[in-house]
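The values are calculated or read from the model by the stated rules, or taken from the named source; none is laboratory data. Just so it is clear, the model here is predicted, and its values are computed rather than measured. No Cβ is skipped: glycine too gets one built from the backbone with ideal geometry, and neighbour counts run over all protein chains shown. Each accessible area value is taken on the protein alone, full model and side chains, heavy atoms only, with ligands, DNA and RNA left out. Shrake-Rupley method; radii C 1.70, N 1.55, O 1.52, S 1.80 Å.
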Amino acid sequence: MQAADDIAARRDLDPQWVRATLGQARYLPQVAKFIQPPPAGTPKNWAVYRSRFIDPVRIAAGVRFWQDNRETLARAEAETGVPAEIIVGIIGVETIYGQQVGTFRVIDALTTLAFDFPTNHPRTKERTEFFKGELEQFLSLTHRTSVDPLSLRGSFAGAMGMPQFMPSSWVKYAVDFDGDGKVDLFNSAADVIGSVANYFKAFNWQPGMPTHYPVSFDTSKLDKEALLAPDILPTFNVAGFVSKGAVLEGAALQHKGPLALVELQNGDAAPSYVAGTENFYAITRYNWSSYYALAVIELGQAVAAAHRR
């Protein structure tokens, strides 16, 4: 209740409304379980991860979505420079184009994680503060838009709608792309498309730049440790990248911006590698995972190819 009063004061909300709303939130033990990282030593496997997202069902749903929203996707691409296939890839990976938007009451998920975040998590303090902020944004957003905060359902982490925006992302990046005077990321495909494109524009999407290039290695001068040190943050110019043993071909050799060596583990098999650009990094701002980013890219490519056919 003290937190409710603090939120009300900071956001200029009715304290009784905030108290009554939080008073109806329920602790969800499964949310606390789902937020835990995988056990230490769990091998990552790009091939298995990829197979969860690039499949016939998701591709077919993506083609239907593209056909139904062809003009809107073209407008979003023209206005922001974000390719339609990236927008389509995001929405497909997140919710299969609205088929799986989540079943948890958002108020329950956010309150569980704001006030009862698992204490054995390696980043408990940081994550607790994050979810307190998201809860505050959620209460402010629903109050301002006259939406019942108890009615909205989303992911176990409180992400909402077709693009699975957290409340803070909804506030900062969601746009009214269909011009009806409100933002609806649950039911308006146009608002979803415009908002995803706007998100990437805000994270410095570079129009016309590839997301990644193929890469191999010259083992005689390979310094893989140095190449992987910055993780997925593009750091090396082409000359510096090549000098450490990375081998690029064709258009990659003319790339003007920085590159990163992105490693994708394949369980017991050899890892896969790509040279990621600033646009690859931009996709990881949506979900901080190189596996996620490449799944988005490859689903978008598969849907685009099927749509052309």
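Structure notes:
- Filter result (open to solvent by less than 40 Å² (accessible area, probe 1.4 Å), of a type in the set (Gly, Ala, Ser) and not in a strand (DSSP E or B)) within region 235-247: Gly240, Gly245
- Failed item in (1) over 30 Å from Arg26 (Cβ atoms); (2) open to solvent by less than 30 Å² (accessible area, probe 1.4 Å), with Arg75 passing the rest: (2)
- Taking every residue in region 169-182 that is within 22 Å of Phe203 (Cα to Cα) and pairing it with any residue that is open to solvent by 40 Å² or more (accessible area, probe 1.4 Å) and not β-branched (Val, Ile, Thr), at least 6 positions away or on another chain, the pairs with Cβ-Cβ distances below 7 Å are Tyr173/Asn198; Tyr173/Ala202; Val175/Asn198; Asp176/Lys182.
- If you go through region 191-234 and pick out every residue that is touching a Leu at 6+ places or on another chain (Cβ under 8 Å), assigned to a loop (DSSP other than H, G, I, E, B) and within 14 Å of Tyr281 (Cβ to Cβ), you end up with 1.
- Flag set for Leu299, criterion: of a type outside the set (Ser, Thr, Tyr) and not in a strand (DSSP E or B).
- When the test is whether a residue is of a type in the set (A, V, I, L, M) and over 25 Å from Val63 (Cβ atoms), Ala302 does not pass it.
Residues are listed down the side, and each one gets a yes or a no for (1) over 29 Å from Gly194 (Cβ atoms); (2) touching a helix residue (DSSP H, G or I) at 6+ places or on another chain (Cβ under 8 Å); (3) not in a helix (DSSP H, G or I):
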site: Ala8; (1), (2), (3): yes, yes, no
site: Gln16; (1), (2), (3): yes, no, no
site: Ala32; (1), (2), (3): yes, yes, no
site: Pro43; (1), (2), (3): yes, no, yes
site: Tyr49; (1), (2), (3): no, yes, no
site: Val57; (1), (2), (3): no, no, no
site: Ala60; (1), (2), (3): no, yes, no
site: Arg64; (1), (2), (3): no, no, no
site: Leu73; (1), (2), (3): no, yes, no
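- Among the residues of region 248-296, those identified as among the aromatic types (Phe, Trp, Tyr) and not in a strand (DSSP E or B) are Phe280, Tyr281, Tyr286, Trp288, Tyr291, Tyr292.
- Residues of region 39-50 include none that is modelled with pLDDT of 95 or more, surrounded by fewer than 17 Cβ atoms within 10 Å (Cβ to Cβ) and closer than 26 Å to Phe186 by Cα.
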